[in-house]
Amino acid sequence: MEDFSRNPAAENAAELSVEELRSAPRFTLLIRSAKLICAGAEYLCIIRDVSASGVRLRIFHKLPPVQRFSLELSTGERYDLDRVWEAADHAGFRFADWIEVKDFIAEASPYPKRALRLRLEFPAKITADGASGEATVRDLSREGARIETTLPLAIRQKVHFTAKGLPTIVGNVCWRSRSAYGLVFQQVFSFEELAKLAAQLQPAAVPGAPAAPRRFA
């Protein structure tokens, strides 16, 4: 069986044990959303195929020029990866250690599944009931965001916020904790829209920079 981690166009550039990769049975996953993490940056992707030795991902933009990535599932579980090839909107990776495919597919974890959030940090301007102020976006998902601001906001209050690279977003406050607020958007992003926005909002990953710490909160 041909392994998805092998791309004929990339064979000359990648030092692979083809026999080892081919020996791993392949399982097709039609759609499984996940995050690629490298050098402190986070990018959305879709898992398409997986075996004990590697994984093929659907990507939405060119990846940064680094070799080592981490793949984070919706449960917060992470797997270290090495990039093998990249072509158009797909990329193949080899796991640092062979995995249990059944656990990977089942997303077996003590942590519950939840919508993927991108841990980003960028400035924004917010307006609510005629008052305006500065804010910092701490994370972003298809459905909402976590922001910090000194502008006092109330639960269920409507907020408009804008930032470089983002359209004007309208949301409602769904929780607050001191200067931190959770917003739920009135119109959600598509997965592809958020994936491309994430690539634009983050600086290019720097080879050799440390990965973001693992967090489940």
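The values are calculated or read from the model by the stated rules, or taken from the named source; none is laboratory data. Given the structure is predicted, the values throughout are model-derived calculations rather than measurements. A quick note on method: Cβ atoms are made from the backbone with ideal geometry, for glycine too, and the neighbour counts reach across all protein chains shown.
Worth a mention:
- Summed over the stretch 65-85, residues that are among the charged types (D, E, K, R) and either in the same structural domain as K196 (by TED's automatic domain parsing) or buried (at least 18 other Cβ atoms within 10 Å of the Cβ) (or both) total 3.
- Members of the stretch 56-95 found to be within 20 Å of L118 (Cβ to Cβ), among the small types (G, A, S) and at pLDDT 90 or above, listed by number: S70, A91
- Search result, residues across the stretch 159-187 that are without any contact (Cβ under 8 Å) to a residue 40 or more places away in the chain, at negative phi and loosely packed, with under 15 Cβ neighbours inside 10 Å: H160, T162, P167, T168, V170, C174, W175, R176, S177, S179, Q186, Q187
- Wholly enclosed strands (runs of 3 or more DSSP E) of the stretch 98-161 bearing at least 2 residues within 19 Å of the chain's Cα centre (by Cα): 131-140, 144-149
- Being among the acidic types (D, E), surrounded by 15 or more Cβ atoms within 10 Å (Cβ to Cβ), over 13 Å from V184 (Cα atoms) and in contact (Cβ under 8 Å) with a residue 24 or more places away in the chain is a property that holds for E148.
- Residue in the stretch 111-132 that is surrounded by fewer than 15 Cβ atoms within 10 Å (Cβ to Cβ), at positive phi and not aromatic (F, W, Y) present: yes
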